[in-house]
Number of protein chains: 2
Amino acid sequence: MSQLQPVLDEAISGLSPLETGVIDLFVNGVRVLGLPKSLGEIYGLLCISPEPLSFDAILNRLQISKGSTSQGLKFLRTLGAVRCVYVAGTRKDHFVAETELKKLVGGFIREELLPHLHSGTERLEHIDSIPQDPEHEHAAFYQERLSKLNVWHRRTEKFLPLVQRFFS
Amino acid sequence: MSQLQPVLDEAISGLSPLETGVIDLFVNGVRVLGLPKSLGEIYGLLCISPEPLSFDAILNRLQISKGSTSQGLKFLRTLGAVRCVYVAGTRKDHFVAETELKKLVGGFIREELLPHLHSGTERLEHIDSIPQDPEHEHAAFYQERLSKLNVWHRRTEKFLPLVQRFFS
DNA sequence: GGCTTTGTTCAAGAATAAATGAACAGAATA
DNA sequence: TATTCTGTTCATTTATTCTTGAACAAAGCC
């Protein structure tokens, strides 16, 4: 059926100026966050698409590989930046962008920032476990610095919930 | 004179467990921020050094190249994360880590985030300048999305000063 | 002026991260 | 069951970023 009547979504077609502009915006955006360009492309396209897009539609319109599309969508789903929606009359998955800033920020904190923060916690615990020589010439200095590092770390831990709240 | 009495700072010497631990912490830290590892090494070493370190001391103790040392220190200075201090009896520059979180955060915002944010402003202005067809089937949708992108952007602009304040 | 010390710059190489596409697996169709 | 459709995985290729070290400048010393 769908062979007799090709679905427009999946035809190879250029991007409109609007689409290009929005994709460009997000490609720039994900760079700041240290994420691959393809994520920005996919999210940007979905963000400005009035209708859910199929896997193939994304791949065709962005002219990127299956691998990038698959992995990009997978990661965007774990972030909560993209949702899979049911579309009648097709087996294919269809995707839409999640546009609640709250969720996007939450996903990024959860998937990207917290793991690093926890890694930092461990490293700090390791440092704190190193035996100190109280007779060392600079013992007081070391003590002060380690204390400062711990303060920084705790403050960062308090910071993330605040970020989350700011974008809610 | 200094040839007869070699300065300890510049002798090749291993790193103590404490130094290694702190460097490791910062190497992990700068990764989150999307900065090169060598920056973390240099800042970490300076951070846990009771005395100002010379260019050569940094290079020798970290076993990194002159290029990395020079560029790393240069960038850390523009961030305000490292200061050059005068040390009597030597021509060499000596460096110390800046440990006011406020300044570090401020430098990172100024040098890394604001340029990206401004780039985003321009991209958004470009999008907003694209002529819209009010008769388009999805005109209302496009309008709503563009409006949302502008809201996100303005909120992010308000966010940075808040970050700065939180770490002051 | 010549020589040494100190640090910068930048082209080339090394290391890392991202994108590709072919092989694969699962599920619907027939 | 065989076949097609849909999407995933992962080794390889490609692109990007980081590091290196040699050549260079600038400034002090003799």
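The values are calculated or read from the model by the stated rules, or taken from the named source; none is laboratory data. Because the structure is predicted, anything quoted here is derived from the model rather than measured. Here the Cβ positions follow ideal geometry from the backbone for every residue, glycine too, while neighbour counts run over all protein chains shown. With ligands, DNA and RNA removed, areas are computed over all heavy atoms of the protein, side chains included. Shrake-Rupley method; radii C 1.70, N 1.55, O 1.52, S 1.80 Å.
General observations
- Per residue of peptide A:18-29, the mean number of Cβ atoms on other chains within 10 Å of the residue Cβ is 5.
- Proximal charge balance of A:GLY29 [Cβ under 12 Å; K/R count +1, D/E count -1]: +1
- Cross-link table A:LYS102/B:LYS37; A:LYS158/B:LYS158; A:LYS66/B:LYS158, entries beyond 29 Å C-alpha to C-alpha: A:LYS102/B:LYS37; A:LYS66/B:LYS158
- Within the straight-line cut-off of under 18 Å between alpha carbons, the lysines reachable from A:LYS103 are A:LYS74, B:LYS148, sequence neighbours fewer than 8 places apart in one chain being disregarded.
- Take the accessible area of chain A alone and of chain B alone, subtract that of the pair, and you get about 4300 Å² summed over both chains, using a 1.4 Å probe.
- For the stretch B:101-110, the Karplus equation 6.51 cos²θ - 1.76 cosθ + 1.60, evaluated at θ = phi - 60°, returns couplings of 3, 3, 6, 4, 4, x, x, 5, 4, 5 Hz by residue, with Gly and Pro reported as x.
- Number of partner chain Cβ atoms within 10 Å, mean per residue of B:98-104: 2
- Across the identical copies, the 7 Å label point of B:HIS116, projected outward along Cα→Cβ, sits 0.9 nm from its counterparts, in ascending order.
- Nearest-to-axis residue of chain A, judged by beta-carbon position, where the axis maps A onto B, in Å: A:GLY34, 2
- Taking other residues whose beta carbon is less than 15 angstrom from the beta carbon of A:ALA140, and scoring Lys, Arg as +1 and Asp, Glu as -1, yields -3.
- Positive-end residue of B:LEU124, B:PHE166, B:VAL151, charge dipole of the stretch B:28-168 with Cβ unit charges: B:PHE166
- Surface composition of the stretch A:101-166: carbon and sulfur make up 55 percent of the accessible area, probe 1.4 Å.
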